[in-house]
Every structure is written in C-alpha cells, then in structure tokens.
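Working notes, structure below.
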Amino acid sequence: MQHLWKSFFNEESGLGTALTTLFYRTPYKKTYYFLQQSQWWTNEQIKKYQWQQLEKLVNHAYEHVPYYQNLFETRGIVPNDIKSLSDFQHLPFLTKELIQEHEKELKATNYPLSAFEETITGGSTGFPLRFYIEKGVWFATHLAYIRTLLERANCHVMDPSVQITGRMKPWEYRPFLRTLVLSSFHMTEKNLAVYVKKISRLTPRYIIGYPSAITLLASYMKNNALELNRLQAVVCYGETIYDWQREFLEAFFHCRVHGHYGHREQCVLAGTCEKSNMYHLFPEYGFTELIDKNGVPVTQENEIGEIVATGFHTSIFPFIRYRTGDLAVFTTQHCECGRHYQLVKNIEGRVQDFVVSKTHRLIPFMGVHHLVAHSSPNVKECQLSQEQEGEIMFHIVKNERFSDDDVRRITTNFQKRFGNEFTVTFQYVDRIPRTSRGKYQFLIQKLPLHHIFE
C-alpha cells in the first residue's frame, strides 16, 4: 500500500516540489477546484462521470496502447462492444506479472518520450513493479488530492507537519514544506528523545506516517510523561490501522486519527472524512471493484474482497481492472458527511496478512498485535511469522522484566482466541527489522497464499 505521500516527500522534495507545482500549476488548480465541486455530486452524477471516463480510457487503450490492442484483437473485442458496466467487468484483469511481462507494450504511443517518467513500487508483495507516469503532471494532480484529503482533517499541505516514514537520514527539516521528516528506521530510545525535542520545537498541526511508527513515538512519549499540544490530526497511511492503534493515538494526542489509502500505481485513492472512519473512495480518481476469489463482485455486508482498480489518471500507462492484492471490507452504508462516495469499512491489508490454521482455514490476523500488548507489558516489539500451516512463531524484543509468566499469558490468550488451530513457539531477538521502505511488518507470511484470490 505504498501511498502518494511517499512521492510527495521524496529525496527531491523542497525546492523541487515548489518548481514542479509552479510549472504544472494548471493541472493542479484544475483538479483541486474540480474536486471541490464533484465531492458533493449525486449518485447519478458520479455514475455518469465514471462511465464517461471508462469509455474514454477503453477507447484510448484500444487506439494507442499495443498491449490492449493485442488483447482486444485476440479476444475479438472492440470498444463498441462495451456498452455497460457489466460488459466492462468482463474485461480481463491486469496483474503485476502481466505488467512485468508487457512493460513496453503498456506505454501509450500518443505521448512524447519526454512525458514518460519511470517509477517502481517497493515490492512488498514480492513483485517490485516498474512502470511509467506522466512527468510533472502526475505530481501536480496528486497534490490536489492530497490537499483535499488534508482539508477533511482541517489541515493544509503547507501547515507545519511531521512525517514518519522509511528514510535513510534519521531526521531532516524541509523549510519549503515546513515539514520535519523522521525515519522509522532509526526509532531507538536515544533518537526518540531527539525526535520529541524537534517535534516540540516545530509545534506541528498534524503528524502523518506509518501507524506503527506513530504508535511507537506516542508510546515513548507516554512512558516518559511527554505531551504534544495543538495537534489537529494524525494521518496514517502505508499500513493497516488497527482499532487499538486508533484508540490509543486518539486518546494520547487528543485529536482525530485519519486513514489514507492509495498506491504508486495511481488507480485507487481513499481516505476517511470528518464524520467516519470508513474509507471514501475517490470516484474522480478511478473505478474500484471488490472481487472474491472467483473474480466475482462481492455484495454482502462485511464481506472481504480484493481491490481491483481502473485509474483515470493513468492514460500514459493504463491500468485497467488492475488486481492490487489489497483487501477491503464491503459495505452498502452511507456516510453522514453527505458525500455519495463508494465506501469500504476498512482496508484489511494484503492476502499475505492472513494465516492458515491446522484445519487449512484462512484467518485474518487483524488485532493479534493488540492481544500481545494486552497479554504482556514487557514486550517492546513483536513480529509473527508462518512457514507451515498451523504453526506460528513469535519473534519478541523483550525488556528486562520479561519472564516465563509473560510467555504463559501470551500463549493462554492466543489459545483462547484461536483454540487449538495453531502451535506457537517463541524466538527472542534484539530488534525487529523494518522493510526496505521503513515499514513495520507485523506478520511475515511465507506460505504462498496469493493463489487463493486468483
């Protein structure tokens, strides 16, 4: 779930951001003012707009993208055959493997070479993905969405802020953005003391970053009787937000916790609003489907489906019915905020965030971190891994008070939750390594589960 925020705070941010925004001011302003109007559209207006965009994208792909030209010819499809949403949903899925295999053929031929900017995802699913975005324009367009999301948290992109993400430098201040960028890689006791001093001097309006990293910061502050005043919002992205994290952060920082979801591929973007913790999917950004393991749309309340997305800002390298590998909880509910956006109750992470029991049952591991935290106050950090069905390994960074009693409590509570579905073992480590992006990964799933949703 690599988010556009990663790009917003990349190595060239600062002066580069300013120049990019100024140079591409027109797409930024056009998108921003469009979003101010479209967010209050009726259901009928949203459906009409999305269908127009889908028709436009399919025609463009048929005329200018070699991959889709070959695909449609092989399947005997012409754009005029796609007369309804049902017809569109019979188009083949685009997968990460297909993108790797057909990278060159997915480039639109009606764009000049100078417009293509190569980019790559972090590969958290095992598939580092290389593709192309429209140079400059993509950033300006995304900045308009970022501003819109932050305004729902009563913040602005130019407010003083703190971002905690995967950085090689422990800390860096960006004067143009008025942003203190902190590294989730370097959150040691020593560095956390420095982080808090720098944050206090800045007096940020909001903190944004990985929920695991923000939780670690808040835990350090609470344990050391430190406070942060005048914080308007905490914005989490890049990882699943667990209920216990939201509750803890809101209680400690005395402000609302917002969630943002998106990825570098620019096909789907969502965020919470002023009234709800449900994710509002931007209909202006793309068309989003939730499918079950058979590729059929999910329709039942609280049913989990894989996010399949078609991006409206990806003409230079079209993503049509792209299987993201991310899972979300379906709902037909409406939000008090008055926006008629498609909602999902929660982003559940990826298929690899599930475990397999002794009875071959696929179980989401949402909330297990909370279980460990409640079972023992003497666990600094914890990570679980699975290599065999029905077996779970706890990798624990313990403090000096950790004892056999902690092991017993964790094991007992785990068994109360899951019965005899799993055998658990413990391994003690000095630290839990972060991913290449600096994220904390609670579960390392080594079983090949992707086939379950294919």
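Computed from the coordinates by the stated procedures, all read-outs in this text should not be read as laboratory data. Source: prediction; values computed, not measured. No Cβ is skipped: glycine too gets one built from the backbone with ideal geometry, and neighbour counts run over all protein chains shown.
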- Message: Straight-line reach only, C-alpha to C-alpha below 26 angstrom: list the lysines that Lys197 could link to, leaving out same-chain residues fewer than 8 apart.
- Response: Lys6, Lys169, Lys222, Lys380, Lys439
- Message: Taking 41 Å as R0, compute the FRET efficiency from the Cβ-Cβ separation of Lys30 and Lys293 and round it to 0.05.
- Response: 0.55
- Okay, which of the range 234-255 sit inside 15 Å, backbone N to the point 7 Å along the Cα-Cβ direction of Glu227? 251-255
- Value at 222 nm in deg cm²/dmol, rounded to 500, when DSSP H runs of n ≥ 4 in the chain each add -39,500 (n - 2.57): -10000 deg cm²/dmol
- Over the chain, relative contact order from alpha-carbon pairs under 8 Å, at least 6 apart, %: 14 percent
- Message: If the reach is capped at under 25 angstrom between alpha carbons, list the lysines near Lys293, excluding any in the same chain fewer than eight residues apart.
- Response: Lys96, Lys345, Lys358, Lys446
- Message: Whole-Hz ³J(HN,Hα) for each residue in the range 384-393, computed from phi via Karplus 6.51 cos²θ - 1.76 cosθ + 1.60 with θ = phi - 60°, x for glycine and proline: what do you get?
- Response: 10, 9, 9, 10, 10, 4, x, 10, 10, 9
- Kirkwood hydrodynamic radius (Cα pairs, Å) of the chain? 23.3 Å
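Given 0.36 nm per residue, what is the gain on full extension from Phe176 to Val78 after removing their alpha carbon distance, in nm?
30.4 nm
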- Query: Once both labels are modelled 7 Å past Cα along the beta-carbon direction, what's the Lys380-Lys446 spacing in nm?
  - Reply: 2.4 nm
- Query: What order, most packed first, do the peptides 236-245, 287-296, 73-82 have when packing is the mean number of other Cβ atoms within 10 Å of each residue?
  - Reply: 236-245, 287-296, 73-82
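Please compute the net charge surrounding Phe312, taking Lys and Arg as +1 and Asp and Glu as -1 over other residues with Cβ under 9 Å from its Cβ.
Local net charge: 0.
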- Item | Ordering of 43-49, 379-385 by packing [mean C-beta count within 10 Å, highest first] | 379-385, 43-49
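Per-residue counts of other Cβ atoms within 10 Å, averaged by peptide: what ranking do you get for 297-304, 277-284, highest first?
Going by the mean number of other Cβ atoms within 10 Å, highest first, we get 277-284, 297-304.
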- Working out 0.36 nm times the residue gap between Gln52 and Glu247, then minus their Cα-Cα distance, what length gain in nm do you get to one decimal? 66.1 nm
- For the range 26-43, just list the computed ³J(HN,Hα) in residue order, Karplus coefficients 6.51, -1.76 and 1.60, θ = phi - 60°, integers in Hz, with x standing in for Gly and Pro. 4, x, 5, 5, 4, 5, 4, 5, 5, 5, 5, 8, 5, 5, 10, 4, 7, 4
- Message: Please enumerate, by chain and number, the aspartates and glutamates with C-alpha under 16 Å from the C-alpha of Lys398, excluding those fewer than 8 residues away in the same chain.
- Response: Glu189, Glu381, Asp406, Asp430
- In whole angstrom, note down how far apart the Cα centers of the range 389-437 and the range 244-301 are. 29 Å
